[in-house]
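S.K.: Here it is, the structure in full.
Every number here is computed from the coordinates shown, using simple stated rules; none is lab data. Worth saying up front: this structure is predicted, and the values here are computed from it rather than measured. Neighbour counts are summed over all protein chains in view; Cβ atoms, including those assigned to glycine, are modelled from backbone coordinates with ideal geometry.
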Amino acid sequence: MSGLTPPDGANDGLATVHVFPLRRMLSLDDAALYLGIPARRLRMLGRLNAGPRPAARNGRTPMYRVEDLDRYVTLLYGRARISAAEEARQRQDWRGRIAAPGALDARGRRVRMIDPCMQALTLDVLVSAGGPMGLKLLFASGLGLIFLSHTPVMWRLYAML
């Protein structure tokens with residue numbers, strides 16, 4: 001005996017097993033399919049810190065919890081002021097579409113399916129998160145162009161043209 005008593009007060013000498021909730025993890029491609037957006041868009045949302053946060057990394061591949069993805073979808077629908085009932089209906093419809101056997105293209109691969117509502121909602125997030133960054137990049141490149149236009153390096157480049 002280890003000297004530890006079971007938490008329920010029973011002293012039967014058997015080990016106590018604690019069941020933890022199932023945490024299903026999805027890779028980047030599976031998470032993108034679950035959300036209904038291309039993997040490229042989910043990767044870009046992650047780079048802008050505007051998407052769901054990966055729970056872990058499997059090598060270089062981020063892994064996402066289903067609960068976190070559902071929370072992110074609820075956040076997007078709430079931001080667009082879409083009711084919870086409509087969100088549940090659309091997400092149930094989407095889960096039914098991805099669970100059904102999909103159409104195959106000419107090479108025998110599954111056709112990539114995209115949810116139009118999630119496509120629009122994530123585009124809004126990309127524009128609002130990436131817009132200020134794009135403006136900062138344009139501003140910095142404009143300053144660099146102004147700075148280089150007054151140097152002999154640019155004069156030589158102009159002479160070569």
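S.K.: So what are segment 24-76's ellipsoid semi-axes, whole angstrom, largest first, if each one is the square root of 5 times an eigenvalue of the alpha-carbon gyration tensor?
M.R.: They are 14, 13, 10 Å, listed largest first.
S.K.: Using alpha carbon centroids, what distance separates segment 108-161 and segment 23-42, in Å?
M.R.: Centre-to-centre (Cα) distance: 25 Å.
S.K.: Grab the beta carbon distance between TRP155 and ARG43, set R0 = 30 Å, and tell me the FRET efficiency rounded to 0.05.
M.R.: It comes to 0.15.
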